[in-house]
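Working notes, structure below.
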Amino acid sequence: METVIKCEHLTHYYGKRKIYEDLNFEVSKGAVIGLLGKNGTGKTTTINILMGYLKPKSGRCTIFGEDVQNIKPETRARIALLLEGHVQHSYMSIEQIERFYSAFYLKWNKKAYYDLMDKLKVAPGQKISRMSNGQRSQVALGLILAQNADLLVLDDFSLGLDPGYRRLFCEYLRDYARNEGKTVFLTSHIIQDLEKIIDECIIMDYGRILVQEKTATLIARYPGMTLEDIFIELTGKY
Amino acid sequence: MKKMIFYKEWIKTRWYMLAAAAVLISGTAYILLGLGKAAQFKGNAFLWGYVIAHDSVLIEQLRYLPFILGGLLAVVQMLPELAGKRLKLTLHIPYPQWKTILLMCLYGIAALSVLFSVQAVAVSIALNRWIAAELVCRIMKTAAVWYLAGFVSYIWSASVCLEPSWKMRTLLLVLLAGMAHLLFISPVPEAYNGFLPWLALYSAAGLCMVFHGIARFKEGVQD
């Protein structure tokens, strides 16, 4: 199985504070992997390192075999990125942002974007900054789907969403990833959302990985417990 | 793709550009109407005499305008990139990162060039009606440094906005303030003629600081 993401001996500190040491993991093609952890365990740090926006103290990460510090533009076209809080160019309208992004992606799927926008019942000229958090999350998701990327990297996709939009987001994402065979690497602090989406999970604690295995295997090892229960069992209560 | 980068910058700055054009047009029109009145009631000779006797360039009130407009354009254009760390999205588009940033800066430089050129042409045409071409040339050479100050202000303010750490931002602001002081220290007409190429170089050096800020952003530098 082709390896899409590979992180080896990753160590990072913020000042003197250790985030993690000697972190190793791999993501295979077609896998939907969830990086789970309490706040401050380094989930966003890992995404930042993976996307080349943070240089780790030591260690190396590759995506599609390329060092993340120097990813070629063509390879970036294969990676769809969702920033924490569904940040987008919110000074643009629904129409303008689609026009902007479509110029950069050869496999751009306009229909996927507008199908999702139709569900929002908003005018194409509607400015993103004037939308609710939930609507903005759908715009961000629509842009990701339209990119038709091979790898989706989603940082805390559930942040700021009410249960309805979280569910909509999860269902759309799950169906898309399964039907299209996409590789997904995501983080979230709401574990219950992930149970239905991820095939494999990496549970992080302060400074280390506690568990990395198939979600089904993990759940089978703890009969009668949900992924959220297992997470609390492993990481301890807040 | 280049067009789309300009398109994004245009969407961000279009209202500001309209406002900047309105301020520049109204400010210039106000000064020129005043000069026109003086020429009409007191004669062109009065303006000539005033320029020579007072070592005046007649349009002194406009000297800080390009500097202010340049700095504000950088803020309006670059701050949205920092809000929510949107710069990550901009750098993630499948286009060479250095080209993306360069095109963003070129957009600002081109936008300011249009504004400043229109003003310079309007002022030159108006002044040519009242005073000798040699005097107009002297005034426009003096004004050249003000326009250059506009570009310096734009590029260095952009580097301040894109720099991820406050310590470095403060240092860049000090450099920008020092430069502003230097650019406006002498009110004597044509005082900067000999320095203009150096000032242009300094202005271009600001671009290196923009890229330096981007490199630091990519390393994850923060306070």
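Farthest toward the dipole's positive end in segment A:96-179, which of A:Leu120, A:Phe104, A:Leu145, given Cβ charges of +1 (Lys, Arg) and -1 (Asp, Glu) about the Cα centre?
A:Leu120
Does anything in segment B:130-162 have its amide N under 18 Å from the 7 Å Cα→Cβ label point of B:Asn193, and if so which residues?
Answer for segment B:130-162: B:132-148.
List the residues, sorted by chain then number, that are 5 or more residues from A:Gly85 or on another chain and whose placed amide H is less than 5 Å from its amide H.
Placed amide hydrogens put A:Leu159 under 5 Å from A:Gly85.
Could you work out the relative contact order of chain A, using alpha carbon pairs under 8 angstrom and six or more residues apart, expressed as a whole percent?
25
Anyone know which of B:Ala144, B:Ala180, B:Ala110 comes out most mobile in the 10 Å Cα GNM of chain B?
Top of the fluctuation ranking is B:Ala110.
Local charge sum around A:Arg76 (other residues, Cβ-Cβ under 15 Å, Lys/Arg +1, Asp/Glu -1)?
It works out to a net charge of +2.
Using a Förster distance of 22 Å, how high is the FRET efficiency between B:Cys208 and B:Leu171, based on the Cβ-Cβ distance and rounded to 0.05?
0.95
Please list the non-local residues whose amide H lies under 5 Å from the amide H of A:Asp156, H modeled 1.01 Å from N, same-chain partners needing a gap of 5 or more.
A:Thr187, A:Ser188
For segment B:67-75, what does the Karplus curve 6.51 cos²θ - 1.76 cosθ + 1.60, with θ = phi - 60°, yield as ³J(HN,Hα) per residue in whole Hz, taken in order and with x for Gly and Pro?
4, 5, 5, x, x, 5, 4, 4, 5
Measure out, as a whole number of angstrom, how far apart the alpha-carbon centroids of segment A:73-152 and segment B:153-180 sit.
One Cα centre to the other: 33 Å.
Output the 0 to 90 degree angle, nearest 10, between the alpha-carbon long axis of helix B:97-130 and the longest principal axis computed from the alpha carbons of chain B.
The answer is roughly 10 degrees.
Quick check: residue separation of B:Lys3 and B:Ala38 times 0.36 nm, minus the Cα distance between them. What number comes out in nm?
Once the chain is fully extended between B:Lys3 and B:Ala38, it gains 8.0 nm.
Label points 7 Å out from Cα along the Cβ direction at B:Ala83 and B:Arg216: separation in nm?
2.3
What are the ³J(HN,Hα) values, in whole Hz, obtained from phi via the Karplus relation 6.51 cos²θ - 1.76 cosθ + 1.60 with θ = phi - 60°, for each residue of segment B:44-60 in sequence order, with x given for Gly and Pro?
Each residue of segment B:44-60 in turn: 4, 4, 4, 5, 4, x, 5, 4, 6, 5, 9, 6, 9, 10, 6, 10, 3 Hz.
Please turn the phi angles of segment B:143-151 into ³J(HN,Hα) values with the Karplus equation 6.51 cos²θ - 1.76 cosθ + 1.60 (θ = phi - 60°), one per residue in order, whole Hz, x for glycine and proline.
So the Karplus estimates, Gly and Pro as x, are 6, 4, 5, 5, 5, 4, 4, x, 6 Hz.
Under 12 Å from a point placed 7 Å out from the Cα of A:Thr226 along the Cα-to-Cβ direction: which residues of segment A:170-201 have their backbone N that close?
Zone members listed by number: A:190-196.
Roughly what would the spin-label model give for A:Arg130 and B:Glu60, points 7 Å off Cα along C-beta, in nm?
Spacing of the two 7 Å Cα→Cβ label points: 4.7 nm.
Which value at 222 nm does the protein assembly as shown reach when only helices count, each DSSP H run of 4 or more adding -39,500 (n - 2.57), with the total divided by all residues and rounded to the nearest 500 deg cm²/dmol?
That comes out to -19000 deg cm²/dmol.
About the Cα centre, and with charges only on the beta carbon of Lys, Arg (+1) and Asp, Glu (-1), how big is the dipole of segment B:2-219? Nearest 20 debye, please.
The dipole of segment B:2-219 has a size of about 740 debye.
If I model a spin label at A:Lys196 and A:Arg60 as a point 7 Å from the Cα along the Cα→Cβ vector, what separation in nanometres do I get?
Using points 7 Å along Cα→Cβ, the separation is 4.1 nm.
If amide H atoms are built 1.01 Å from N in the plane of the peptide, which residues on other chains or at least 5 residues away come under 5 Å of the amide H of A:Tyr20?
Residues meeting the amide H criterion: A:His12.
For a label point 7 angstrom out from the Cα of B:Ala19 toward its Cβ, which stretches of segment B:128-151 have the backbone nitrogen within less than 20 Å?
Counting only backbone N, you get B:150-151.
Here, each number is a calculation from the coordinates, and none is a lab measurement. These numbers were taken from a predicted model, which means no experiment stands behind them. Cβ coordinates were reconstructed from backbone atoms using ideal geometry, including for glycine residues, and neighbour counts include every protein chain displayed.
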